[in-house]
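One structure below.
Read-outs: derived from the displayed coordinates by stated rules, not from any lab. Just so we're clear, the structure is a prediction, and the values are computed from it rather than from any experiment. Here Cβ is always computed from backbone atoms with ideal geometry, including for glycine, and neighbour counts include all displayed protein chains.
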Amino acid sequence: MDAVDGPAEHARYAAHLAELERVPDADEAGLVAGVLADPDPVMARAAVVRHLDRRAAQLYPEPVWEEWAEAMARVVTGHPFLALRLEEWSLFRAVALGLPWRPDDLLAASDRLQLKAADGTTPEALRLLAESGRTKRIRNTARESLRRQAGA
């Protein structure tokens, strides 16, 4: 079904995603806030989480991360799922870049984050996840990443 032919929220979702992909950095926080004001809160959060994931994946190794994450944190206040997703990206950043992080935080993180970290971050995180990751898939992925790193 074409988004234009479907329900109105499908068309708005597609429009929000398109706007979020094109927004200049200076206007990003305002646009995210505008999307979150959409009359369909479930659809709005879905569009914003997709945007957060895309932008965080682009920005986490960059120096602008801190400023961006702070701006997004202000915008997603009052949206627990989005705030948690942003916090998990901050944890991933710390693990992936070898910044300070706590093992208990990684073990308490979502399966999604543990699997992302298990797919190749620091040896310390990989050993932790290989031994204590929440699922068999996470543990196996971490073990394989350790093998790849040892062979590199």
Q) Span-like helices, the chain: DSSP H, alpha-carbon axial extent 15 Å or more, mean Kyte-Doolittle 1.6 or greater, which ones? A) none
(Q) Taking 0.36 nm per residue of sequence separation and subtracting the Cα-Cα distance, how much length would be gained by fully extending the chain between residue 149 and residue 87, in nm to one decimal? (A) 19.6 nm
Q. How large is the dipole of the chain about the Cα centre if only Lys and Arg carry +1 and Asp and Glu carry -1, each at its Cβ, rounded to the nearest 20 debye?
A. 920
Q. If you plug each phi of the stretch 100-105 into the Karplus form 6.51 cos²θ - 1.76 cosθ + 1.60 with θ = phi - 60°, what whole-Hz ³J(HN,Hα) values come out, in order, with x for Gly and Pro?
A. x, 8, 10, x, 4, 5
Q. Once every DSSP H run of n ≥ 4 in the chain is given -39500 (n - 2.57) and the sum is divided by its residues, what mean residue ellipticity at 222 nm do you get, rounded to the nearest 500 deg cm²/dmol?
A. -23500 deg cm²/dmol
Q) Distance from the Cα centre of the stretch 29-56 to that of the stretch 60-99, in angstrom? A) 15
Q. Once you charge only the Cβ atoms, +1 for Lys and Arg and -1 for Asp and Glu, what is the size of the charge dipole of the stretch 102-152 about its Cα centre, to the nearest 20 debye?
A. 220
Q: Considering the options 61, 86, 132, tell which one lies farthest towards the positive end of the dipole of the stretch 1-140, charges being +1 on Lys and Arg and -1 on Asp and Glu at the Cβ, about the Cα centre.
A: 132
Q) Using only Cα atoms, what is the ratio of the radius of gyration of the chain to 2.2 N^0.38 Å? A) 1.18
Q) At what distance in nm do the modelled label points of residue 18 and residue 110 sit from each other, each positioned 7 Å from its Cα along Cα→Cβ? A) 2.7
Q) Cα convex hull of the stretch 17-59: how many Å³ per residue? A) 58
